[in-house]
Amino acid sequence: MGIGIWSMHFIAMLAFHLPVDVSYNLWFVLLSILGAITGCYIGLYLIHKQKKSIKALIIAGSFMGAGIVFMHYLGMMAMEPIMISYDPFIVFSLFLLLLLLLIQLCGLVFIQS
């Protein structure tokens with residue numbers, strides 16, 4: 001799942017055309033892959049091994065959300081020579097939204113099983 005999320009994100013970044021030439025720092029790209037894989041692995045592992053409960057869904061969703069957020073911002077940092085700055089409120093609110101969506105998705109899986 002982590003590779004799928006990362007590859008979708010990176011293909012979109014490659015398809016996005018900016019008025020300047022953009023290259024990618026290999027180390028940041030590799031770290032972003034690792035973040036996506038790790039977050040998704042921990043989240044899926046926890047939801048698979050723990051007793052199915054709302055608490056387990058929240059914890060698993062939090063790990064998946066954190067891995068995706070980590071992947072996203074490291075992927076953006078990999079862009080060179082572009083400098084990107086973020087509003088902390090917007091970053092936090094997007095993280096919260098992603099977390100809630102992943103919890104809801106895990107809840108749907110929980111209800112169906």
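The values are calculated or read from the model by the stated rules, or taken from the named source; none is laboratory data. Note that the coordinates shown come from a computational prediction; the quantities given were computed from them, not determined experimentally. All Cβ positions, even for glycine, are placed from backbone atoms using ideal geometry, and neighbour counts span all protein chains on display. In case anyone asks, the SASA skips ligands and DNA or RNA and just uses the protein heavy atoms, side chains included. Shrake-Rupley method; radii C 1.70, N 1.55, O 1.52, S 1.80 Å.
Scan segment 56-72 and tell me whether some residue there is open to solvent by 50 Å² or more (accessible area, probe 1.4 Å) and out of contact with any helix residue (DSSP H, G or I) (no Cβ under 8 Å at 6 or more places or on another chain). No, every residue in segment 56-72 fails to be open to solvent by 50 Å² or more (accessible area, probe 1.4 Å) and out of contact with any helix residue (DSSP H, G or I) (no Cβ under 8 Å at 6 or more places or on another chain).
Considering only residues that are open to solvent by 90 Å² or more (accessible area, probe 1.4 Å) and either under 16 Å from Gly43 (Cβ atoms) or touching a residue at least 12 places away in the same chain (Cβ under 8 Å) (or both), which ones fall in segment 73-85? Can you show your working first?
The first filter runs over segment 73-85 and keeps only residues open to solvent by 90 Å² or more (accessible area, probe 1.4 Å), leaving 77, 81, 83, 85.
Listed by number, the residues that qualify are Met77, Pro81.
Scanning segment 1-16 for residues that are under 19 Å from Glu80 (Cα atoms) and either of a type in the set (A, V, I, L, M, F, W, C) or loosely packed, with under 10 Cβ neighbours inside 10 Å (or both) yields Trp6, Phe10, Ile11, Ala12, Met13, Leu14, Ala15, Phe16.
Looking across segment 17-55, the residues that are surrounded by fewer than 12 Cβ atoms within 10 Å (Cβ to Cβ) and at pLDDT 90 or above come down to Leu26, Trp27.
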